[in-house]
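The values are calculated or read from the model by the stated rules, or taken from the named source; none is laboratory data. Just so we're clear, the structure is a prediction, and the values are computed from it rather than from any experiment. Positions of Cβ are generated from backbone atoms using ideal geometry, with glycine treated the same way; all protein chains shown enter the neighbour counts.
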């Protein structure tokens, strides 16, 4: 009977220690998760700087695209003018040949 009482006390102690250690481990895990969820100020500043660089690069590429479109429009107008001049010259040459 005494052995059964000692065994029961021993197992109760192990259960209490297990529950306490699991509770502490769970609390530590929750604390670690809470720390991980809150971004550090360094990471925030790094992200802000990266976003500013990305926006500057986007603005620069947009400006380059607008300049390229402008150059394309000028080149197309020059090509259309050259085609019109060639057509007028061909008509004039044909008219001269017909006379």
Legend entry - For residue 4: the one exception among (1) surrounded by 10 or more Cβ atoms within 10 Å (Cβ to Cβ); (2) at pLDDT below 75; (3) assigned to a helix (DSSP H, G or I): (1)
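Looking only at segment 41-57, decide whether some residue is at pLDDT below 75 and part of a helix (DSSP H, G or I).
Going residue by residue through segment 41-57, those that are at pLDDT below 75 are none.
No: segment 41-57 contains no residue that is at pLDDT below 75 and part of a helix (DSSP H, G or I).
Residues in segment 18-28: is at least one modelled with pLDDT of 80 or more, out of contact with any strand residue (DSSP E or B) (no Cβ under 7 Å at 6 or more places or on another chain), assigned to a helix (DSSP H, G or I) and surrounded by 10 or more Cβ atoms within 10 Å (Cβ to Cβ)?
Residues of segment 18-28 modelled with pLDDT of 80 or more: none.
Within segment 18-28, none of the residues are modelled with pLDDT of 80 or more, out of contact with any strand residue (DSSP E or B) (no Cβ under 7 Å at 6 or more places or on another chain), assigned to a helix (DSSP H, G or I) and surrounded by 10 or more Cβ atoms within 10 Å (Cβ to Cβ).
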